[in-house]
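A.B. asks: Please read through the structure below; I'll follow up with questions.
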C-alpha cells in the first residue's frame, strides 16, 4: 500500500457563479506519476492553482503530508518542497538561464535575505554553492551549454526544460507540471517523457496535466479524470481508457 | 567660440551635473519601487527632504562628525521607508495600482507636514563635506561638494550593479520584477521584496538629500519639485530602467542649467516638466525603455 503525499478533501472553488472545482476528493501517492486529465475547462489548472496557493479554495481541505495548505501563500508552499511549472512558460526572460535556476535555488541558501545582500565575503561562498548546484541541474536537463544566454532567447522546448530545472532547484518532493508537452514537437515530447521518468527516479512525486494522451499513458502510474470540476474516474492508464464515463466525456454522446 | 563662452558652458555643465545626480538618484528610487510594485511612489521626494533635514540637524545641531551623521541619517530614512511600506502599503487588502498611488500621495503630505512641524518653514544651511574653496577647471569652477556628489552617485551605481547582478537577494528582486508569479513559485516572498524596495529607495533618497543640501539648502517643501524632476528622469530613461534613469537624470540637470544660463533662470524648473510632457506625448516608453516596460498604462 503506497503512502499518500497529497490529499484533496471536498475541495471546492467557485468563481462568481461558476463552480470550477466541485467537491473534489483525490489522493495522490508518494513516488508515483499521476496525470490529471479532462476536457478543456474541466478545472485541471484551477486544481493546480488551488494547491500551489495562487487561488484560495471556497471550501474543502488540501493536505500535504498532514500540513494544511489552504491559506498558505505561494512562496510558503514552495518552501515546503512543492514545485510547479506553468501552462504558458514563465521564465525570467531577461535573466540568464543559469540565473533563472539560481533564483529557484535561493530557498536552499543558508543565508537570510539581509545576509545575502550585505555580507559579501560569506556570500561569495554561498553564491558559489548555489551556482554550482544550479549548474548541476542544467547539466541534468541538457541546458548547460545555454547557461549564459538570456532565458527569453531560448526556443520554447528549452524554456520548458528551464522552467522544470528551476522547479527542481527547489529540491521538491512534489512537482506539478502543467501541460509540459504543449507546443513541443514529437522529438521534444519524447525527451520530456524521458525527463519525467528521470524525475520520478529521483524520488519526486509528479502530478501533471497533459493533453497528449500517448505521453500520459506512457509515463503515468495513475490517471485521474475530471470533468466540470468533478472526479469522474481514476485508476491505472489501462483502466481509465476502458472506462465508459471517460469515453463519454471525451467523445460526447 | 571664445574661451570665455567655453568656460561658461563648462560652468553650466558642472552646475547641471550636480543637480542631475540628485535627479538620477531620485529616479533610481522611483524605479526600484516601480519594479517591485508597479506603482509610482509620490513620497520619493519626501525621502530626499527627510535625508537633507535630518543631516542638517545631526551635523549642525547635534554636531556629529559627517560620516557618522551620513550613516545615521541614511539608516533613519531607510527605517521611515520600511515603516511606510509596513503600515500603509502592506496592510492594503486589495492593492490596486491606483489605490497604492493615492496612499503614497497621502504619505507624502503627512511626511511634509511632520517635517514642517519639526524643522519649521525656513531653509536650512549645512556645511559642505570638505572645504568650500572652488577648484579651477579650464576657466570654470567646481565646488569640492560637486565632486562628492558625483563620486557618491558613482559609488551608488556600482553598488546597485553589484547588488542586482551578483547577490542572490538582488537576483530575487529582479526575478520578482520580471515575473511575480514565477518568483513566488520559486519561493520568493514578494511582499518582503516590496518592503526591501521601499527600504532601498528611501535609503537612496536620503543619500541624495544629504549630498545636495550643502548646495541647495533644504526646506520642508522641496520634496514635490525634486520628486517631479526625478520622475521626469525616470520616465525619460524608460520607467523601470535604472541605468536609463541615471543618464536621463544627469541630462535633465544639465539641460536645466543651460536653460537657466542662456534663457532665464525663471524657466529652469519648467525644463524637467516640459521634457516629461514631451516624452509622454512622443515616446511614453522613454528613450531607453522597451514597450514591455509600458505597464505605466495600468493607471
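A.B. asks: When you scan the stretch A:100-108, do you find a residue that is farther than 23 Å from residue A:27 by Cβ, surrounded by fewer than 17 Cβ atoms within 10 Å (Cβ to Cβ) and modelled with pLDDT under 90, even just one?
C.D. replies: Yes - at least one qualifying residue is present in the stretch A:100-108.
A.B. asks: Listed residues A:81, A:112; which is surrounded by fewer than 20 Cβ atoms within 10 Å (Cβ to Cβ) and either modelled with pLDDT of 90 or more or farther than 21 Å from residue B:190 by Cβ (or both)?
C.D. replies: Every option except A:81 fails the conditions.
A.B. asks: Scan B:92, B:97, B:80 and give me the residue that is surrounded by 14 or more Cβ atoms within 10 Å (Cβ to Cβ) and more than 20 Å from residue B:207 (Cα to Cα).
C.D. replies: Of the residues listed, the single one that is surrounded by 14 or more Cβ atoms within 10 Å (Cβ to Cβ) and more than 20 Å from residue B:207 (Cα to Cα) is B:97.
A.B. asks: Let me ask another. Go through the stretch A:81-111 and count every residue that is under 30 Å from residue A:154 (Cα atoms), part of a loop (DSSP other than H, G, I, E, B) and within 10 Å of another protein chain (Cβ to nearest Cβ).
C.D. replies: The number of residues fulfilling the criteria is 11.
A.B. asks: Starting from residues that are facing chain A (nearest Cβ under 7 Å), over 22 Å from the mean Cα position of the chain (by Cα) and farther than 19 Å from residue A:134 by Cα, keep the ones in the stretch B:156-184 and report whichever is surrounded by the most Cβ atoms within 10 Å (Cβ to Cβ).
C.D. replies: Checking each candidate, the answer is B:178.
A.B. asks: Continuing with the same structure: Kindly establish whether residue B:274 is free of Cβ contacts under 8 Å to residues at least 60 places away in the same chain, on the phi < 0 side of the Ramachandran plot and either crowded, with 24+ Cβ neighbours inside 10 Å or in contact with a helix residue (DSSP H, G or I) (Cβ under 8 Å, 6 or more places away or on another chain) (or both).
C.D. replies: Considered against the rule, which asks whether it is free of Cβ contacts under 8 Å to residues at least 60 places away in the same chain, on the phi < 0 side of the Ramachandran plot and either crowded, with 24+ Cβ neighbours inside 10 Å or in contact with a helix residue (DSSP H, G or I) (Cβ under 8 Å, 6 or more places away or on another chain) (or both), residue B:274 comes out as no.
A.B. asks: Could you tell me whether any residue of the stretch B:215-222 is within 13 Å of the chain's Cα centre (by Cα) and either farther than 22 Å from residue B:116 by Cα or surrounded by 24 or more Cβ atoms within 10 Å (Cβ to Cβ) (or both)?
C.D. replies: No, there is no match, as no residue in the stretch B:215-222 is within 13 Å of the chain's Cα centre (by Cα) and either farther than 22 Å from residue B:116 by Cα or surrounded by 24 or more Cβ atoms within 10 Å (Cβ to Cβ) (or both).
A.B. asks: Test of understanding: among B:234, B:208, B:221, which residue is modelled with pLDDT of 95 or more and on the phi < 0 side of the Ramachandran plot?
C.D. replies: B:208
A.B. asks: Which of the residues spanning the stretch A:57-79 are away from chain B (no Cβ under 13 Å), in contact (Cβ under 8 Å) with a residue 40 or more places away in the chain and either out of contact with any helix residue (DSSP H, G or I) (no Cβ under 6 Å at 6 or more places or on another chain) or not in a strand (DSSP E or B) (or both)?
C.D. replies: A:57, A:58, A:59, A:60, A:61, A:63, A:64, A:65
A.B. asks: Tell me yes or no: at least one residue of the stretch B:192-207 is within 13 Å of chain A (Cβ to nearest Cβ), more than 21 Å from the chain's Cα centre (by Cα) and surrounded by fewer than 24 Cβ atoms within 10 Å (Cβ to Cβ).
C.D. replies: The answer is yes, given that some residue of the stretch B:192-207 is within 13 Å of chain A (Cβ to nearest Cβ), more than 21 Å from the chain's Cα centre (by Cα) and surrounded by fewer than 24 Cβ atoms within 10 Å (Cβ to Cβ).
A.B. asks: Continuing with the same structure: Being in a helix (DSSP H, G or I), modelled with pLDDT of 95 or more and surrounded by 15 or more Cβ atoms within 10 Å (Cβ to Cβ): is that true of residue B:111 here?
C.D. replies: Yes; evaluated as a whole, the condition is true for this residue.
A.B. asks: Is there a residue being crowded, with 19+ Cβ neighbours inside 10 Å and at pLDDT 90 or above anywhere in the stretch A:121-131?
C.D. replies: Looking for residues that are crowded, with 19+ Cβ neighbours inside 10 Å and at pLDDT 90 or above, one finds none in the stretch A:121-131, hence no.
A.B. asks: Do any strands (runs of 3 or more DSSP E) lying entirely in the stretch A:112-231 carry at least 1 residues that are within 12 Å of chain B (Cβ to nearest Cβ) and under 30 Å from residue A:243 (Cα atoms), and which ones are they? Even if it seems obvious, please write down each step before you answer.
C.D. replies: Details: elements: A:174-178, A:205-209, A:222-227.
Ranges flagged: A:174-178.
A.B. asks: Between B:187, B:240, which is crowded, with 23+ Cβ neighbours inside 10 Å, outside any helix (DSSP H, G or I) and without any contact (Cβ under 8 Å) to a residue 40 or more places away in the chain? Spell out how you get there, then give the answer.
C.D. replies: Numbers: B:240 fails: without any contact (Cβ under 8 Å) to a residue 40 or more places away in the chain.
B:187 is the lone residue from the list that is crowded, with 23+ Cβ neighbours inside 10 Å, outside any helix (DSSP H, G or I) and without any contact (Cβ under 8 Å) to a residue 40 or more places away in the chain.
A.B. asks: Please determine, by comparing only the residues of the stretch A:3-47 that are within 14 Å of residue A:174 (Cβ to Cβ) and in a loop (DSSP other than H, G, I, E, B), which one is modelled with the lowest pLDDT. Show your work before the answer.
C.D. replies: Going residue by residue through the stretch A:3-47, those that are within 14 Å of residue A:174 (Cβ to Cβ) are A:3-8, A:26-34, A:36, A:47.
Within this subset, residues satisfying the condition of being in a loop (DSSP other than H, G, I, E, B) are A:3, A:30-32.
Details: A:3: 84, A:30: 93, A:31: 92, A:32: 93.
Out of the qualifying residues, it is A:3.
The values are calculated or read from the model by the stated rules, or taken from the named source; none is laboratory data. For clarity, every value in this text was computed on a predicted model and none was experimentally measured. Positions of Cβ are backbone-derived with ideal geometry, glycine not excepted, and every protein chain shown enters the neighbour counts.
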